[in-house]
Amino acid sequence: MKKTVAILTSVFLMLALFSLAGCSKDKTSESSGADKSQVSEKASSDDTNELQKLFKSASAIEGVSYDMNTSSTGPQGNMKTVSKCYMSNQKFRMEIDTQGMKSIILYNGSDTYMYNPATNTAMKSPQPKEKAANQWAESAEDLANFKIVGHEKMDGYDCVVVTTTTPEGDTKMWLAKDIGMPVRMEAEQEQNKLVMEYKNIKVGAQDAALFQLPAGVQVMDMSQLQSGQAPPMPQGVNMPNIPQMPQGAQ
């Protein structure tokens with residue numbers, strides 16, 4: 001699921017499915033097995049409609065801020081990251097604190113910067129911007145990779161629990177019904193596990209200044225490294241140490 005965030009146990013859906021199965025059993029006692037197939041198709045259609053509604057709600061959000069707590073565990077050790085994120089249309093800002101090391105990732109609509117406030121230096125990165133939480137899917141076609149497994153209350157939100165399985169690993173998400181954004185995400189790949197919790201989600205307009213570098217920042221263009229034209233790296237510039245999402249769960 002390379003295209004998808006994000007990204008992404010339940011009694012409610014199980015009871016609903018059992019209820020459907022019970023109704024189907026009463027009817028199929030006098031009918032052929034074709035009715036069972038129709039019930040299965042109906043449930044699948046309902047899941048698709050609910051996922052489409054969630055996707056539309058999330059993608060319609062033009063501005064939002066949220067806290068993101070990330071913990072990763074694996075053979076190489078454990079790591080925790082606390083981030084504050086802001087999104088305005090296509091612009092994005094992530095303020096990261098990884099075990100005491102602070103840095104900021106900015107995407108201003110065209111360029112991505114890794115900014116170190118302590119040294120007033122930044123690297124212009126050729127890499128694409130980080131995904132905002134409302135971008136757990138990029139298109140309606142991506143929704144075919146998801147499966148609804150239930151409905152739960154998570155951190156005060158009524159959530160739809162969604163899973164996906166790929167050759168790279170498994171992802172599970174709790175998506176808030178009202179806004180379609182994840183409240184929690186769990187991703188596993190082999191012996192590695194990543195848990196992301198989204199807190200203090202506030203939908204609304206964001207200050208435009210959040211998505212611009214402050215005046216006077218010394219910037220080095222990382223794309224010049226490939227051509228050998230890059231100037232010496234400014235003192236104090238370093239790459240933020242961010243836990244990586246297992247491949248295929250991004």
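None of the figures in this text is laboratory data; all of them are computed from the coordinates on show. These figures come from a predicted structure and were not determined experimentally. Quick reminder, even Gly has a Cβ in these numbers, built from the backbone with ideal geometry, and neighbours come from all protein chains shown.
Each residue in region 180-205 was checked for being surrounded by fewer than 19 Cβ atoms within 10 Å (Cβ to Cβ) and farther than 22 Å from K80 by Cα, and 4 of them qualify. Looking only at residues of region 140-159 that are within 22 Å of E62 (Cβ to Cβ) and of a type in the set (A, V, I, L, M), we find that the one that is surrounded by the fewest Cβ atoms within 10 Å (Cβ to Cβ) is A140.
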